[in-house]
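**Student:** This structure is in structure tokens; I'll ask about it shortly.
The values are calculated or read from the model by the stated rules, or taken from the named source; none is laboratory data. Given the structure is predicted, the values throughout are model-derived calculations rather than measurements. Backbone-built Cβ (ideal geometry, glycine too); neighbour counts: all protein chains shown.
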Amino acid sequence: MSTPIKIEKDGVLYAMFFSSSLSAPDGVNFLNNPEDSLQIGLMERPTGYKVEPHLHPSRSIPIERVSEFLYIEKGKVKATVTDEEWNVLGEHELSEGDFLLFLRGGHSVEVIEEARMIEVKQGPFLGDNGAKVYKNS
């Protein structure tokens, strides 16, 4: 998987899966749509490269839905993506160094081999009761 795998329904993007083999030949490769509320950029820089000191100014950004990013540091998992009615749209196995972005709909993750994952999403976290809707609830 050298190009991202997109899970879509009716032209709407639900999730993206990325391989550890992706590269950024021009130094930076932003991997998803600029309109998405969570951006993923892959950077490859030579020794000695410096990112100049900078800040990001305050601004109000409306977020309609929480996106979720998972980086598989070790192990193997299977991620399943569903639409809002819990219909399965696709699934994919990810291994060490792979990562994914859930943008909408539902999802689940099954650990196939003991795994360590890093999750990133917008906050603040409201606790499971305020932040999640479960299929069987």
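**Student:** Which residues, counting only those in segment 39-62, are of a type in the set (A, V, I, L, M, F, W, C) and at pLDDT below 90? Walk me through how you get there before you give the answer.
**Tutor:** Narrowing segment 39-62 to residues of a type in the set (A, V, I, L, M, F, W, C): 40, 42-43, 51, 55, 61.
Of everything in segment 39-62, just one residue is of a type in the set (A, V, I, L, M, F, W, C) and at pLDDT below 90, namely Ile61.
**Student:** Further, regarding this structure: Do you know which of the residues in segment 116-136 that are closer than 26 Å to Lys76 by Cβ and modelled with pLDDT of 75 or more is surrounded by the fewest Cβ atoms within 10 Å (Cβ to Cβ)?
**Tutor:** Asn136
**Student:** With respect to His54, is the statement that it is exposed (fewer than 14 other Cβ atoms within 10 Å of the Cβ) and either touching a Ser or Thr at 6+ places or on another chain (Cβ under 8 Å) or not aromatic (Phe, Trp, Tyr) (or both) true?
**Tutor:** Numbers: exposed (fewer than 14 other Cβ atoms within 10 Å of the Cβ): yes; either touching a Ser or Thr at 6+ places or on another chain (Cβ under 8 Å) or not aromatic (Phe, Trp, Tyr) (or both): yes.
Spelling it out, His54 is indeed exposed (fewer than 14 other Cβ atoms within 10 Å of the Cβ) and either touching a Ser or Thr at 6+ places or on another chain (Cβ under 8 Å) or not aromatic (Phe, Trp, Tyr) (or both).
**Student:** Next question, about the same structure. Would you say Phe69 is closer than 30 Å to Ile112 by Cα, at pLDDT 90 or above, touching a Pro at 6+ places or on another chain (Cβ under 7 Å) and surrounded by 13 or more Cβ atoms within 10 Å (Cβ to Cβ)?
**Tutor:** For Phe69, the condition - closer than 30 Å to Ile112 by Cα, at pLDDT 90 or above, touching a Pro at 6+ places or on another chain (Cβ under 7 Å) and surrounded by 13 or more Cβ atoms within 10 Å (Cβ to Cβ) - is not met.
**Student:** To continue, here is another question. Among the residues of segment 27-43, write down those that are without any contact (Cβ under 8 Å) to a residue 40 or more places away in the chain and touching an Asp or Glu at 6+ places or on another chain (Cβ under 9 Å).
**Tutor:** Gly27, Val28, Asn29
**Student:** In segment 1-32, how many are under 19 Å from Phe102 (Cβ atoms) and either among the β-branched types (Val, Ile, Thr) or loosely packed, with under 11 Cβ neighbours inside 10 Å (or both)?
**Tutor:** So in segment 1-32, the residues under 19 Å from Phe102 (Cβ atoms) come out as 1, 3-20, 22, 30-32.
When the remaining residues are screened for being either among the β-branched types (Val, Ile, Thr) or loosely packed, with under 11 Cβ neighbours inside 10 Å (or both), the result is 3, 5, 7, 10-12.
Summing the residues that are under 19 Å from Phe102 (Cβ atoms) and either among the β-branched types (Val, Ile, Thr) or loosely packed, with under 11 Cβ neighbours inside 10 Å (or both) in segment 1-32 gives 6.
**Student:** Another one. Within segment 41-68, which residues are charged (D, E, K, R) and more than 26 Å from Val133 (Cβ to Cβ)? Write out each step before concluding.
**Tutor:** Within segment 41-68, the first condition is being charged (D, E, K, R), and the residues that meet it are 44-45, 50, 52, 59, 64-65, 68.
Hits for segment 41-68 are Glu44, Arg45, Lys50, Glu52, Arg59.
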